[in-house]
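Only one structure is covered here, and it is reproduced in the block below.
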């Protein structure tokens with residue numbers, strides 16, 4: 001149980017490093033909600049700094065990009081809120097997993113992955129009006145690299161289902 005609590009904190013930092021908003025958690029992990037939000041807020045600051053450093057925008061590009069980035073983050077946060085709930089649901093059922101719960105969690109995860117792609121495509125269209133295609137591709141490469149780090153952390157923290 002303690003490992004899952006620690007996992008929830010790491011999860012917030014790496015998966016949901018977006019704008020702070022109170023994500024739902026499984027009631028069994030409600031005591032970690034404030035910790036998740038605190039780590040999540042700090043992680044968002046770090047993520048934005050990595051993006052800023054990696055993008056190397058001119059002043060004109062930055063003026064166009066950051067408002068669009070903030071919209072992107074807000075939309076992605078909604079998906080990541082659902083992901084926090086899904087993972088805390090998994091943690092709550094990890095040792096007593098039945099076939100229906102496993103199916104529901106797996107399908108929920110697949111749906112969330114589709115939602116993430118939809119958000120990215122939507123915002124790529126918007127950002128393409130403000131940035132060159134090269135700059136836009138660079139942004140999504142940075143996002144992919146940050147997500148790879150996040151996914152590695154998740155793989156280390158989330159135990160396999162029994």
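Looking at residue 150, is it surrounded by 16 or more Cβ atoms within 10 Å (Cβ to Cβ) and in contact (Cβ under 8 Å) with a residue 40 or more places away in the chain?
Yes; evaluated as a whole, the condition is true for this residue.
How many residues, within the range 110-132, are surrounded by 14 or more Cβ atoms within 10 Å (Cβ to Cβ) and farther than 30 Å from residue 58 by Cβ?
Number satisfying all stated conditions: 2.
With respect to the numbered conditions (1) touching a residue at least 60 places away in the same chain (Cβ under 8 Å); (2) over 20 Å from the mean Cα position of the chain (by Cα); (3) closer than 26 Å to residue 37 by Cα, which one is the sole condition not fulfilled by residue 97?
It is condition (3) that residue 97 fails.
All of the numbers you see were taken from the coordinates with simple rules; none came from a lab. Everything quoted here is computed from the prediction, not taken from an experiment. All Cβ positions, glycine included, derive from the backbone under ideal geometry; neighbour counts span all protein chains shown.
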